[in-house]
Amino acid sequence: MGDFNQPESKEDFLNNFQEVKPLMNSTEALYESARCLFCYDAPCITACPTEIDIPLFIRQINTNNITGASNTIYRSNWLGNICGQVCPTEVLCEGACVYNHQNVKPIEIGRLQSYATAQAIKSGQKLKKDAKKLNQSVAVVGAGPAGLSAACELSNIGYDVTILEARSMPSGLALHGVAPYKITNEQVLAEVEYLKQQFGFTIEYNHPIANSRDMAYLDDQFQAIFLGIGLGATRSLKLPGENLHGNWGAVEFIETLKISQHQLKVPQRVVVLGGGNTAMDAASECARMGAKQVILAYRKGLDQMGAYRFEYEMAKNAGVQSLWFVNPLEILGSERVEAVKFKKTRLENDKLAILDEEYTVPCDMVIRATGQSKQVNVFSLVEGIQYESDGGMSQGKLPFQTTNPKYFVAGDAFNGGLEVVNAVAEAKKAAVSIHQYLQDL
Ligand SMILES: Cc1cc2nc3c(=O)[nH]c(=O)nc-3n(C[C@H](O)[C@H](O)[C@H](O)COP(=O)(O)OP(=O)(O)OC[C@H]3O[C@@H](n4cnc5c(N)ncnc54)[C@H](O)[C@@H]3O)c2cc1C
Ligand code: SF4
């Protein structure tokens with residue numbers, strides 16, 4: 001098992017969750033930026049959902065034009081600092097870097113991006129272009145990456161923007177979900193504060209849109225509404241024993257961990273069910289919280305897992321063990337979780353076959369990383385929203401417009417759950433659609 005002891009203080013917590021991509025100093029940034037080949041038709045740009053002009057900002061860093069570099073980044077991606085730290089760069093920009101073809105380490109684009117934007121945040125560098133004030137107001141529901149990106153873009157165009165957020169803090173899963181070894185809560189909140197100061201949008205906290213009266217208020221007060229509400233709670237597996245103490249949904253567990261930090265006590269033996277990135281995060285985080293046995297249990301094998309390989313390696317390096325080809329049957333225990341009973345499985349012609357052989361793993365806690373449910377209740381409050389036969393939302397005339405022309409949607413609520421950078425990219429495009437819609441009114 002990994003060498004992590006249960007953290008007793010904030011300092012212990014930060015020590016167990018040391019940043020995997022720490023901030024560069026100026027010498028490192030100069031050296032790393034000098035390695036870039038400034039490729040024509042750079043593949044790193046096309047691999048980035050926000051299409052940041054990567055060679056340009058790297059050249060600007062290399063000529064010590066940090067203001068120019070952060071402007072280049074923010075022009076394409078309003079959450080440039082958060083994305084520099086949390087993006088799976090290994091499979092996006094850095095994965096596309098031409099150096100990979102020569103077996104040379106790709107340019108550390110994410111860390112260079114964080115280097116430039118951290119300085120913009122620290123100095124309060126001016127971002128907003130002096131847009132003409134437009135006499136229309138837009139409501140943004142949800143202050144997650146999608147909502148924040150839409151709010152920045154709309155404010156930049158000149159709209160009066162109010163964000164209504166159910167929780168008491170901004171940033172959605174960037175704050176409540178992303179692993180603490182990728183970004184600290186303070187870093188996430190610093191970028192949001194910076195953006196709020198630059199653009200002047202308002203965030204009303206503890207303001208969930210929960211019923212038809214709330215929706216009628218939005219409809220009445222605002223000319224357009226952007227829904228960046230993400231996804232809901234972790235789906236149930238409908239297993240017997242899911243009501244026992246010590247049984248958690250992954251998203252709820254991670255949110256508690258991110259807020260409580262060292263105050264959360266994780267027991268000695270944990271089983272994490274699932275094979276996606278959230279399962280890797282939950283398992284890795286339990287190991288770093290001092291659990292002595294963390295077992296990742298997945299229905300199929302390593303090659304079928306949905307998680308990125310680098311996320312799996314990170315969990316393995318933290319001491320997480322794996323149990324392949326097991327399907328959970330029941331969570332056992334009287335009041336508390338005591339074990340999970342599985343049936344063994346195997347792949348037959350790529351189809352999962354559940355075998356008769358049973359297998360029980362004793363544990364004190366179970367985490368279900370089995371995906372998040374859709375926020376159907378909120379969407380059902382909007383009149384006229386239609387769906388396709390596959391369950392996807394039907395689109396209006398403009399990109400990210402729903403079939404009620406006043407309502408737009410992007411981010412996890414639209415794409416079913418991808419990465420922060422996808423939410424940011426989609427929401428920026430949705431804001432442009434909102435502008436077009438309001439201009440045509
Ligand atoms: C455990 C976990 C780890 C992740 N790690 C990474 C990572 O390392 N890198 C990465 O790029 N991506 C990661 N992701 C994915 C990423 O966090 C999401 O894709 C991204 O946050 C989606 O942004 P969003 O704004 O669409 O939704 P969310 O981040 O979910 O934000 C939605 C916001 O809307 C608010 N809201 C919801 N309903 C209402 C309502 N009715 N009224 C008012 N407000 C409402 C919520 O409180 C929340 O603040 C992770 C996801 C999870 C679950
Ligand atoms: S592909 Fe790599 S070397 Fe080429 S511009 Fe992008 S970061 Fe620089």
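Just to be sure before I move on: is residue 94 among the acidic types (Asp, Glu), more than 15 Å from the chain's Cα centre (by Cα), over 22 Å from residue 59 (Cβ atoms) and within 16 Å of ligand 1 (Cβ to nearest atom) in the structure I sent? Judged against the criteria, residue 94 is not a match. If you take the residues in segment 91-122 that are of a type in the set (A, V, I, L, M) and part of a helix (DSSP H, G or I), which one is farthest from residue 183 (Cα to Cα)? Step by step, filter segment 91-122, then rank; the result is 98. Summed over segment 15-34, the residues that are acidic (Asp, Glu) and closer than 19 Å to residue 57 by Cα give a count of 2. Within the span defined as segment 199-211, every residue fails to be part of a helix (DSSP H, G or I), away from ligand 2 (no atom under 16 Å from the Cβ) and either surrounded by fewer than 16 Cβ atoms within 10 Å (Cβ to Cβ) or not aromatic (Phe, Trp, Tyr) (or both).
Which residue is farthest from the chain's Cα centre (by Cα), if the candidates are limited to segment 248-289 and must be without any contact (Cβ under 8 Å) to a residue 24 or more places away in the chain and more than 12 Å from residue 180 (Cβ to Cβ)? Looking at residues that are without any contact (Cβ under 8 Å) to a residue 24 or more places away in the chain and more than 12 Å from residue 180 (Cβ to Cβ), I get 263. Quick check on segment 393-403: of everything there that is open to solvent by less than 30 Å² (accessible area, probe 1.4 Å) and within 16 Å of ligand 1 (Cβ to nearest atom), which residue is nearest to residue 177 (Cα to Cα)? The selected residue is 400.
Can you say whether residue 376 is hydrophobic (A, V, I, L, M, F, W, C) and open to solvent by less than 40 Å² (accessible area, probe 1.4 Å), as far as the supplied structure shows? So residue 376 fails the test. Restricting the first member to segment 219-244 and to residues that are under 17 Å from residue 161 (Cβ atoms), and the second to residues that are open to solvent by 50 Å² or more (accessible area, probe 1.4 Å), the beta-carbon pairs closer than 7 Å and six or more apart or on different chains are 229/375.
Checking each residue in segment 271-319 for being in a loop (DSSP other than H, G, I, E, B) and farther than 21 Å from residue 361 by Cα picks out 306, 307, 308.
Residue-by-condition table, conditions (1) at pLDDT below 95; (2) surrounded by fewer than 16 Cβ atoms within 10 Å (Cβ to Cβ); (3) away from ligand 1 (no atom under 16 Å from the Cβ):
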| residue | (1), (2), (3) |
| --- | --- |
| 52 | no, no, no |
| 55 | no, no, yes |
| 71 | no, no, yes |
| 83 | no, no, no |
| 90 | no, yes, no |
| 112 | no, no, yes |
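Does residue 171 satisfy the criteria of being open to solvent by less than 40 Å² (accessible area, probe 1.4 Å), of a type in the set (S, T, N, Q), within 16 Å of ligand 1 (Cβ to nearest atom) and not assigned by TED's automatic domain parsing to the domain that holds residue 424? Taking the combined requirement at face value, the residue does not satisfy it. Residues that are under 30 Å from residue 295 (Cα atoms) and not assigned by TED's automatic domain parsing to the domain that holds residue 284 number at least 3 in the following helices (runs of 4 or more DSSP H) confined to segment 2-90: 10-16, 80-86.
The values are calculated or read from the model by the stated rules, or taken from the named source; none is laboratory data. Since the model is a prediction, treat every value here as computed from it, not as a measurement. Every residue, glycine among them, receives a Cβ derived from its backbone with ideal geometry; neighbour counts consider all protein chains shown. Each accessible area value is taken on the protein alone, full model and side chains, heavy atoms only, with ligands, DNA and RNA left out. Shrake-Rupley method; radii C 1.70, N 1.55, O 1.52, S 1.80 Å.
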